[in-house]
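Undergrad: Pasting in a structure now, in structure tokens, and then I'll have a few things to ask.
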Amino acid sequence: MNHFNYKNTLLHCEDVAITDIAAQVGTPFYLYSKATLSRHFQAFDSSFSVPHITCFAAKSCSNIAILHLFATLGGGTDIVSGGELFRALTAGVAPGKIVYSGVGKSRDELKYGLESGILMFNVESEQELDALQEVASSLGVKAPVSFRVNPDVDPKTHAYISTGMAKNKFGVPIADALAVYKRAASMKNIAVVGVSCHIGSQLTDVAPFVESLAKVKKFIQRLQEANCTIKYLDLGGGLGITYDAEEPPAPLAYARALEQELGDLGCTLILEPGRVIVGNAGILVTKVLYTKQGGKKFTIVDAGMNDLARPSLYGAYHAILPVEDRGQGRELGDVVGPICESGDFLARDKEVPISRQNDLLAVMSAGAYGFTMSSNYNTRPRVPEVLVDGSTFHIIRKRETREMMIAGEMIPT
């Protein structure tokens with residue numbers, strides 16, 4: 001469920017007509033519904049009956065207003081960079097609810113995490129472990145560590161967002177992990193506190209989750225037999241959403257399946273949902289610049305692949321709706337942007353709204369991996385982000401200016 005609905009002929013976000021926002025903000029822009037964000041977070045979090053912390057995956061949608069919202073609802077944050085740590089702390093997320101994942105943490109980033117007092121580091125290699133030991137020793141502290149184990153489970157998702165197979169770059173092979181844990185336990189400035197596992201994104205079946213949990217559960221039992229106490233089990237995220245015809249499990253069904261497999265393991269669960277919370281809580285609003293008939297019908301809009309990369313990068317589908325429904329119908333064609341690339345499209349060979357100049361279009365299900373993956377390619381300013389709360393809206397990120405884009409550049413004298 002989301003709060004994007006037509007009232008009479010106009011698409012609204014909650015109680016605000018999108019045409020009214022566009023008139024004040026300009027296009028393109030990202031638009032989020034606070035009611036949808038809150039509902040999705042609470043529906044996910046309340047589905048689990050065992051001790052747990054819901055650490056929202058900042059990489060999916062990292063605006064500090066949204067991170068702050070989830071913090072007020074009791075959530076934490078899953079981060080993958082020092083920049084995301086800065087965002088989470090600025091948004092008011094409790095450091096003890098921040099989990100740091102990612103394969104390439106620098107020493108400066110490790111230091112930042114230790115000084116901030118985060119819950120734990122999900123370490124992904126022995127060399128990273130050595131670096132963390134060195135940094136923790138220099139600060140005179142113990143680093144709380146969980147290792148991300150790779151269970152070699154096929155999540156049956158797009159190859160670019162599959163992370164739990166042996167051929168992927170993530171984690172320590174589960175067959176090698178026991179020796180790594182024993183080595184970590186012997187280090188003076190390392191405190192082993194957990195086990196982590198994340199197999200991929202946009203999964204629409206609970207079976208791969210259960211399969212990976214079964215493997216990790218057996219591994220934790222081996223750790224316990226080796227007198228290694230595990231307080232936290234980080235199961236990552238990855239639950240999918242409906243973009244088109246997908247039928248992902250509801251959060252409650254996902255939670256029940258995991259809890260049934262988990263049994264009485266006695267660990268606090270760390271959960272890292274991202275897309276399932278924000279994906280259908282945000283849209284990209286764009287304006288039609290031109291239409292033309294070439295080898296096919298093209299609708300040319302003012303948003304491009306630099307604003308929403310998923311269609312070009314993954315061949316991903318996003319439904320496109322008219323902001324004003326005049327009964328104009330739909331036609332087969334492409335919705336393309338201004339970028340100087342043939343790969344710049346928001347829809348290709350799809351049934352899209354029949355449009356005319358200056359019409360507004362809503363690119364749906366764009367809340368996850370939308371703005372966070374945007375860029376300044378072709379020296380295009382990144383677009384504003386807007387949050388609707390009932391009958392009001394707030395600009396939570398200003399549109400970039402041309403001056404902002406070149407602020408860090410200089411011509412040598």
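The values are calculated or read from the model by the stated rules, or taken from the named source; none is laboratory data. Note that the structure is a prediction, hence the values are computed from the model and not measured. Cβ placement follows ideal geometry from the backbone for every residue including glycine, while neighbour counts extend to all protein chains displayed.
Undergrad: Looking at Glu341 and the list (1) surrounded by 14 or more Cβ atoms within 10 Å (Cβ to Cβ); (2) in contact with a strand residue (DSSP E or B) (Cβ under 9 Å, 6 or more places away or on another chain); (3) not small (Gly, Ala, Ser), which single condition is not satisfied?
TA: Only one criterion in (1) surrounded by 14 or more Cβ atoms within 10 Å (Cβ to Cβ); (2) in contact with a strand residue (DSSP E or B) (Cβ under 9 Å, 6 or more places away or on another chain); (3) not small (Gly, Ala, Ser) is unmet by Glu341, namely (2).
Undergrad: Tally the residues that are touching a strand residue (DSSP E or B) at 6+ places or on another chain (Cβ under 6 Å) and not β-branched (Val, Ile, Thr), restricting the search to the range 371-399. Don't jump to the end; show me each part of the working.
TA: Pass one, the range 371-399, residues touching a strand residue (DSSP E or B) at 6+ places or on another chain (Cβ under 6 Å): 371, 383-388, 393-397.
Cutting the leftovers down to not β-branched (Val, Ile, Thr) gives us 371, 384-385, 387, 393-394, 397.
Total meeting the criteria: 7.
Undergrad: Here is a further query. Could you say whether any residue in the range 179-199 is assigned to a helix (DSSP H, G or I) and farther than 21 Å from Glu126 by Cα?
TA: No; the residues of the range 179-199 include none that is assigned to a helix (DSSP H, G or I) and farther than 21 Å from Glu126 by Cα.
Undergrad: So which strands (runs of 3 or more DSSP E) are wholly in the range 204-322 and hold at least 3 residues that are of a type outside the set (Val, Ile, Thr) and over 21 Å from the mean Cα position of the chain (by Cα)?
TA: Working: elements: 232-234, 268-271, 282-293, 297-301, 320-322.
In the range 204-322, the matching strands (runs of 3 or more DSSP E) lie at 282-293.
Undergrad: In the range 60-89, which residue that is within 22 Å of Ser47 (Cα to Cα) and of a type in the set (A, V, I, L, M) is surrounded by the most Cβ atoms within 10 Å (Cβ to Cβ)?
TA: Ile66
Undergrad: Inspect the range 221-235 for any residue being over 15 Å from Arg148 (Cα atoms), of a type in the set (A, V, I, L, M), surrounded by 15 or more Cβ atoms within 10 Å (Cβ to Cβ) and not assigned by TED's automatic domain parsing to the domain that holds Ala347 and give the result as yes or no. Steps first, answer last, please.
TA: Of all residues in the range 221-235, those over 15 Å from Arg148 (Cα atoms) come to 221-222, 224-229.
Retained after the next criterion (residues that are of a type in the set (A, V, I, L, M)): 226.
Applying the additional criterion that residues be surrounded by 15 or more Cβ atoms within 10 Å (Cβ to Cβ) yields none.
Looking for residues that are over 15 Å from Arg148 (Cα atoms), of a type in the set (A, V, I, L, M), surrounded by 15 or more Cβ atoms within 10 Å (Cβ to Cβ) and not assigned by TED's automatic domain parsing to the domain that holds Ala347, one finds none in the range 221-235, hence no.
Undergrad: If Leu361 passes every condition in (1) buried (at least 22 other Cβ atoms within 10 Å of the Cβ); (2) among the aliphatic types (A, V, I, L, M); (3) over 26 Å from the mean Cα position of the chain (by Cα) but one, which one does it miss?
TA: Every listed condition holds for Leu361 apart from (3).
Undergrad: Can you name the number of the only condition in (1) assigned to a loop (DSSP other than H, G, I, E, B); (2) under 29 Å from Leu262 (Cα atoms) that Ser38 fails?
TA: Here Ser38 clears every test but (1).
Undergrad: Looking for whichever is free of Cβ contacts under 8 Å to residues at least 12 places away in the same chain and hydroxyl-bearing (Ser, Thr, Tyr) here; the options are Ser60, Ser81, Ser46. Which one fits?
TA: On the way: Ser60 fails: free of Cβ contacts under 8 Å to residues at least 12 places away in the same chain; Ser81 fails: free of Cβ contacts under 8 Å to residues at least 12 places away in the same chain.
Going through Ser60, Ser81, Ser46 in turn, just one is free of Cβ contacts under 8 Å to residues at least 12 places away in the same chain and hydroxyl-bearing (Ser, Thr, Tyr): Ser46.
Undergrad: Would you pick out the residues in the range 205-241 that are among the small types (Gly, Ala, Ser) and over 18 Å from Asp152 (Cα atoms)?
TA: Here is the first cut: in the range 205-241, the ones among the small types (Gly, Ala, Ser) are 207, 212, 214, 226, 236-238, 240.
Within the range 205-241, Ala226, Gly240 meet the criteria.
Undergrad: Which residues, counting only those in the range 75-89, are over 16 Å from the mean Cα position of the chain (by Cα) and either farther than 21 Å from Ser106 by Cα or not assigned by TED's automatic domain parsing to the domain that holds Ala43 (or both)?
TA: Answer for the range 75-89, where residues must be over 16 Å from the mean Cα position of the chain (by Cα) and either farther than 21 Å from Ser106 by Cα or not assigned by TED's automatic domain parsing to the domain that holds Ala43 (or both): there is none.
Undergrad: Tell me whether the range 401-409 contains one or more residues that are more than 25 Å from Gln202 (Cα to Cα), modelled with pLDDT of 95 or more and surrounded by 16 or more Cβ atoms within 10 Å (Cβ to Cβ). Can you show your working first?
TA: Of the residues in the range 401-409, the ones more than 25 Å from Gln202 (Cα to Cα) are 401-409.
Still in the running and modelled with pLDDT of 95 or more: 401-409.
Now restrict to residues that are surrounded by 16 or more Cβ atoms within 10 Å (Cβ to Cβ): none.
Scanning the range 401-409, I find no residue that is more than 25 Å from Gln202 (Cα to Cα), modelled with pLDDT of 95 or more and surrounded by 16 or more Cβ atoms within 10 Å (Cβ to Cβ), so the answer is no.
Undergrad: Please go through the range 259-277 and give me each residue that is in contact with a helix residue (DSSP H, G or I) (Cβ under 6 Å, 6 or more places away or on another chain) and within 30 Å of His3 (Cβ to Cβ), ordered by number.
TA: Pro273, Gly274, Arg275, Ile277
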